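Below: one structure, written as structure tokens.
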Amino acid sequence: MSTIVLGANQYGKAECRLVRIDRETPRHRITDISVTSQLRGDLSAAHTDGDNGHVVATDTQKNTVYAFARHGIGAIEEFALRLGRHFTTDFDWITGGRWEIEQYSWDRIPTGPEGHDHSFVRAGDEKRTTIVTVDGDDTWIVSGLSDLVVLKSTGSEFWGFPTDRYTTLQETTDRILATSVSARWRYLTTELDFDKTFTDVRSIMLETFATVHSLGLQQSLFQMGTKVLEAHPEIGEIRFSMPNKHHFLVDLEPFGLDNPGEVFYAADRPYGLIEATVERDDAPDAGRAWDTVPGFC
Ligand SMILES: O=c1[nH]c(=O)c2[nH]c(=O)[nH]c2[nH]1
């Protein structure tokens, strides 16, 4: 007869939506984030006996997020690190946790050359992300972005694939290549200008997607990761999840029209899903960094 025991556990407040306005000058700045705080540690009595003596309430975790924002947010990685340090320092039995932040971008409404001082327009669906994991003395930071939608209207081929009796796809030397990039990368340090690094990683990915003559989304992905790692020794590995957003040439012949690569049907599903990790062969062990990062291989 087996004994039933408590396994891995964590708990906290998910998706604390928080907007902070920096208003020291009339030219306001906006930070728009969603914070998930989860604690780990000696919490067995709460589960086995209903003893809440160690349960820092999820409500308290939420309040802490908002209170900390009063003194500024900074880079989302720094904010998550501050929260992690606080909970693991102030409560002896909290030995670790996970702080995940998603950030939404706003642009200034372009009413003049510099944009409006205090009116903003959401910059699309793209998100910047971070997950800070603390376990005892170890801290890991996995940052990234999602929903970065890109398309190139030529400079993409796909041919040379095996064929069998189920293959109908034609080889092509000129097609649309479109994807929505989700990427997460593991930092090898906790001391960094995270905002600057994020901006640079993002622009390397965009530039590489644009300039690589693609023989397949797999090749574009690997090039994007390689360029990021070459430029950033402080990143140990980068993982991508990239749907191939297929664009099918519409057959206009029934209407007596040709279609020299101009009119496409943009299918939303099914889609190819290309995922890969690009890594340094000598990167330090990832530890628990990827433990709870869903959706990446
Ligand atoms: O870039 C591509 N990679 C594939 O693996 C694939 N498979 C497919 O049908 N089209 C494509 N395109």
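Any read-out appearing in this document is the output of simple, stated calculations on the displayed coordinates, not a laboratory observation. In this text the structure is predicted, and so the values were computed from the model without any measurement. Cβ placement follows ideal geometry from the backbone for every residue including glycine, while neighbour counts extend to all protein chains displayed.
Its Cα gyration tensor gives region 155-231 an equivalent ellipsoid, and the semi-axes of that ellipsoid, as √(5λ) in whole Å with the largest first, are 33, 13, 9.
Can you give the direction-averaged projected area of the convex hull of the alpha-carbon atoms in region 167-297, in nm²? All intermediate terms of the calculation are to be shown ahead of the outcome.
Numbers: hull surface 41.4 nm².
Mean shadow area of the hull around the Cα atoms is 10.4 nm².
Quick one: pull the percentage of alpha-carbon pairs in region 216-270 with a separation above 12 Å.
On the way: 1087 of 1485 pairs.
Tail fraction, whole percent: 73.
Applying a length cut-off of 15 Å (Cα extent along the axis) and a mean Kyte-Doolittle floor of 0.0 to the DSSP H helices of the chain leaves 194-211, 217-231. For residue 8 and residue 154, the difference between the fully extended length at 0.36 nm per residue and the C-alpha to C-alpha distance is 47.7 nm. Rounded to the nearest 500, the 222 nm mean residue ellipticity of the chain from helices alone is -7000 deg cm²/dmol, with -39,500 (n - 2.57) taken per DSSP H run of at least 4 residues.
In summary, the lysines within cross-link reach of residue 196, defined as a Cα separation below 18 angstrom excluding same-chain residues under 8 places away, comprise 127, 227. Distance from the C-alpha centroid of region 241-285 to that of region 193-221: 17 Å, rounded to the whole angstrom.
Scan region 96-171 for trypsin sites (Lys or Arg not before Pro) in coil per DSSP, keeping those whose Cβ has at most 11 other Cβ atoms within 10 Å, and list them by number.
Values: sites: 98, 108, 122, 127, 128, 152, 165; in loops: 165.
Loop-located and lightly packed - 165.
On a per residue basis, the convex hull of the C-alpha atoms belonging to region 51-97 measures out at 73 Å³.
For residue 269 and residue 116 in the same chain, what is the full-extension length gain: residue separation times 0.36 nm, less their Cα-Cα distance, in nm? Before the final figure, lay out the partial values.
Values: separation 153, 0.36 × 153 = 55.08 nm, distance 3.90 nm.
Residue separation times 0.36 nm, minus the Cα-Cα distance, leaves 51.2 nm.
With a cut-off of 8 Å between alpha carbons and a minimum separation of six or more residues, what is the relative contact order of region 1-137 in percent?
25 percent
Computed with the Debye formula from one identical point scatterer per Cα of region 1-93, without solvent, the log10 of I(q)/I(0) at q = 0.16 Å⁻¹ comes to -0.72. Around the amide H of residue 244, modelled in the peptide plane, lie the amide H atoms of 272, 273, 274, all under 5 Å away and 5 or more residues distant in sequence or on another chain. Annotation: amide H-H contacts under 5 Å for residue 149 (H modelled 1.01 Å from N, sequence separation of 5 or more, or interchain): 181. Each of residue 252 and residue 277 was given a label point 7 Å from its Cα along the Cα-to-Cβ line. The distance between the two points is 4.7 nm.
Tell me, what is the Rg over Rh of the chain, with Rh the Kirkwood radius over Cα pairs? Don't skip to the end; give the middle numbers.
Details: Rg = 23.2 Å, Rh = 22.1 Å.
Answer for the chain: 1.05.
Each Lys and Arg contributes +1 and each Asp and Glu -1, all at the Cβ; summed about the Cα centre of region 15-65, the dipole is approximately 440 debye. Backbone amide hydrogens, once placed in the peptide plane, bring residue 249 within less than 5 Å of 265, excluding anything fewer than 5 places away on its chain.
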